[in-house]
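The values are calculated or read from the model by the stated rules, or taken from the named source; none is laboratory data. Note that the structure is predicted; figures quoted are calculated from it, not measured. Counting neighbours? That spans all protein chains shown, and the Cβs are built from the backbone with ideal geometry, glycine included.
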Protein chains: 2
Amino acid sequence: MDFTNLISKVQSVVNSESYSMASMAQNFSWLHRGVAEIFPQPHDADSETESLEKRLLNADRPLRIKLGIDPTGADIHLGHSIPVRKLRAFQDAGHTAVLIIGDFTARIGDPTGKSDVRRQLTETEVKQNAQTYLDQVRPILDFDTPGRLEVRYNSEWLSRLDLGKILELLSTMTVGQMLAKEGFAERYKKENPIFLHEFLYPLMQGFDSVAVESDVELGGTDQKFNIAVGRDLQRHFGLKPQFGLLLPILIGTDGVQKMSKSLGNYVGLSEHPSQKYQKLQGVPDNLLSQYFELLTDLPLESLPENPRDRQEFLAWEIVRQYHGEQAANEAREAAKSGGKEGALPEFSLAAIPDFPAKLAFILGATGLCKSTAEGKRKIQEGGVRIDGDKINDVDLIFSQPDDLYGKVLQVGKKNFVRLVK
Amino acid sequence: MDFTNLISKVQSVVNSESYSMASMAQNFSWLHRGVAEIFPQPHDADSETESLEKRLLNADRPLRIKLGIDPTGADIHLGHSIPVRKLRAFQDAGHTAVLIIGDFTARIGDPTGKSDVRRQLTETEVKQNAQTYLDQVRPILDFDTPGRLEVRYNSEWLSRLDLGKILELLSTMTVGQMLAKEGFAERYKKENPIFLHEFLYPLMQGFDSVAVESDVELGGTDQKFNIAVGRDLQRHFGLKPQFGLLLPILIGTDGVQKMSKSLGNYVGLSEHPSQKYQKLQGVPDNLLSQYFELLTDLPLESLPENPRDRQEFLAWEIVRQYHGEQAANEAREAAKSGGKEGALPEFSLAAIPDFPAKLAFILGATGLCKSTAEGKRKIQEGGVRIDGDKINDVDLIFSQPDDLYGKVLQVGKKNFVRLVK
């Protein structure tokens, strides 16, 4: 089938009566799509008789849907987008997304000083990372309808906790309960040290739910314990406990491990449309259904049957979500022509007279910036990325062109160059 | 041997050259007497090469000797007096006693609300209990020499801890280390719940050592873990770690279990001289040496050989410490005459016309107070005790005289009456 026909066929289903908001609202398909688990279920021993569906139907005010954000890393990928997309579905159903920036923990870092991952961030770094995060999820969330989005920093309440309150938080749980938590259990069994402060993190996340009075908390399947702690704390403090809505952890484009930057099997939200397209058109067969279910709103029953068509359609649809239909078409054309022509211009590093070379100089040489000085300024402003990674070091130097071959250099959201030999 | 001769013989040894402060200072007999353990010892793996003795000899300022006090109970007994007596020995050697009133925990109570022992106290109750404590240890400690006593309330620093600092405290220990603590280990093994906030208490006690910069902490042998935590925290915060000086737990007058009010095998510091004498002259043989060592400063080698003489001498000496020589002699006379005559007057409850009877009324009837109204006021002021237990209930009623037979009713520090048939 011709690709344009394919698109219009799917779009006609999307526009049909059975796929309307009203219909989806009635059967809660918007709620259940791609969800791994909603808890408590009415038959769970500790639960209220109410189900989340009932709570939604009976709500006389917008419900408050919590999603916690870790502001230690700036760049996010399609795996991170899954709970954000579900948050958008709640927004569209009239509810309030409450994004919680976990700035308190980021400001403290790892108190043992042993973890590089948990290095202490300054207030400015946290704010910058949070802003970068918000910029990246802007295409997903509804930022504009009044009352649909609340962004909170948890230092607002966590910095005010005193020892009395913290003893109270801790007293709601036993050592046995905490050691039953996935992660802790194995480490304790293997006699790997668990530091006592680690027991406070689930309670801090739980207390966030108390502070914002959330009705539902979204998270990956690995968040069940923490979300349940939030329920217990809300009950302890006299609030109605939240529901937990768990979403699957996305498998990366390698089809094997979970999507992760460090494994290189990711598609970053700030990547160039052509990069996204190229990565996504290679997603293995066995993952296609899950990707469609979790990363698009398309009706799964009307998708093309041919695997190659499905890959292309997935790539096209996701690029369309983040960059619009024109960019999606261009990225597709570029991929068709073998990447030789199209949306991603190339720059030959042979044109750089001398290595080692400063990144700021290279930015000027590629034409992405007007001069080395502008290159420096753009780095300072946090606008420069290499393969989607934000660069913070104004004086970054590359000792040889080998370190850059094949990488994509980016300034702002729309200017990209692929560095080649 | 005649008792008066006995006393003068022992006193001549006390006054001799070999028993002088100078001599004791040199051989540190004042330090080692009755001590179960001093740690670290120079040969311990984690220790400085310095010993406590060296630290004392080389000190160019008075050392700070910490003893923590739990202000939840008002009345203390001879078992509690042991570390206080050691504190006095440090004072006499020129050092500073730092008494820490644990008001912070007492003000919070048990956050689970499950423990009656740990009920939440008001600020006034804590202050009253602390004052009662200080009144009782006044005969032991040097309150008068400038710079020898510092009384601190730990809410001063604990109430100022924020979550960041508390995470830091917690991060200095692992779950495994904490579960190795006596008490926790057995409970965890037996699957008895250990609540998470219980892990904070040793760290709070340890942080007290940081806050007051103690050089030595005194405690019972059950305090080794907590004192060691204090050492670790001091090191963490860049201070020289304290020494721990552990004292034995006193066996009660039954010769079997540790001295405890609830077991009835105790001698209270606020009891009448005659009560003290009577209880102490019955201390079993096998405990006499330990009682002399821990509760008196007498030279152990010059004590009478005859067990009966030793019992009487112990009773006399301890009453002398708390009430002076005359009271000790009177208490001895009273005991000799079978309690029939002597220091403790009796009141026959047959003189009370009607039961149930209010305690305030009985106070008036016995002549301890001028009227029922004064009886009420004295209870309100915290000045009334039955068998050494402070009475707080102004409206306390006894339904039958049986509940009072044989008990000692007390108003203030000096007015006692034994209630008889």
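Here is how the numbers come out for the structure above:
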{"quantity": "Answer from B:M24, B:M1 - the residue that is under 17 Å from B:L87 (Cβ atoms) and either at pLDDT below 80 or assigned by the TED database to the domain that holds B:S81 (or both)", "calculated": "B:M24"}
{"quantity": "Residue check for B:L233: in contact (Cβ under 8 Å) with a residue 24 or more places away in the chain, assigned to a helix (DSSP H, G or I) and more than 8 Å from chain A (Cβ to nearest Cβ)", "calculated": "yes"}
{"quantity": "Single residue of region B:165-184 satisfying the filter (free of Cβ contacts under 8 Å to residues at least 60 places away in the same chain and within 20 Å of B:I108 (Cα to Cα)) that is surrounded by the fewest Cβ atoms within 10 Å (Cβ to Cβ)", "calculated": "B:K165"}
{"quantity": "Residues (aliphatic (A, V, I, L, M) and either closer than 26 Å to B:K165 by Cα or within 12 Å of another protein chain (Cβ to nearest Cβ) (or both)) located in region A:211-227", "calculated": "A:A211, A:V212, A:I227"}
{"quantity": "Test result for B:D135, over 20 Å from B:K224 (Cβ atoms) and either more than 14 Å from chain A (Cβ to nearest Cβ) or surrounded by 19 or more Cβ atoms within 10 Å (Cβ to Cβ) (or both)", "calculated": "yes"}
{"quantity": "One residue from B:P193, B:P146, B:P202, B:P111 being more than 30 Å from A:D110 (Cα to Cα) and of a type outside the set (D, E)", "calculated": "B:P146"}
{"quantity": "Qualifying residues in region A:41-57 (those that are at pLDDT below 90 and polar (S, T, N, Q)) - the one surrounded by the fewest Cβ atoms within 10 Å (Cβ to Cβ)", "calculated": "A:T49"}
{"quantity": "Any hit, region A:188-197, residues being within 27 Å of A:H77 (Cβ to Cβ), in contact (Cβ under 8 Å) with a residue 24 or more places away in the chain and among the aromatic types (F, W, Y)", "calculated": "no"}
{"quantity": "Selection within region B:144-178 - assigned to a helix (DSSP H, G or I), more than 7 Å from every other protein chain (Cβ to nearest Cβ) and within 15 Å of A:D162 (Cβ to Cβ)", "calculated": "B:S155, B:E156, B:W157, B:K165, B:L169"}
{"quantity": "Selection within region B:350-396 - part of a helix (DSSP H, G or I), touching a residue at least 40 places away in the same chain (Cβ under 8 Å) and either in the same structural domain as B:Q275 (by the TED database) or among the β-branched types (V, I, T) (or both)", "calculated": "B:I362, B:T366"}
{"quantity": "The listed residue being out of contact with any strand residue (DSSP E or B) (no Cβ under 9 Å at 6 or more places or on another chain) and of a type in the set (A, V, I, L, M), out of B:A365, B:A373", "calculated": "B:A373"}
{"quantity": "Residues being in contact (Cβ under 8 Å) with a residue 40 or more places away in the chain and either over 11 Å from the mean Cα position of the chain (by Cα) or assigned to a loop (DSSP other than H, G, I, E, B) (or both) - total across region A:60-85", "calculated": "11"}
{"quantity": "Leading residue by the ranking (farthest from A:E125 (Cα to Cα)) among those in region A:363-391 that are within 23 Å of the chain's Cα centre (by Cα) and modelled with pLDDT under 85", "calculated": "A:D387"}
{"quantity": "Residue ID - nearest to B:G230 (Cα to Cα), chosen from residues in region B:185-197 that are in a helix (DSSP H, G or I) and within 8 Å of another protein chain (Cβ to nearest Cβ)", "calculated": "B:H197"}
{"quantity": "Hey, B:D208 more than 8 Å from chain A (Cβ to nearest Cβ), in contact with a strand residue (DSSP E or B) (Cβ under 6 Å, 6 or more places away or on another chain) and part of a helix (DSSP H, G or I) or not", "calculated": "yes"}
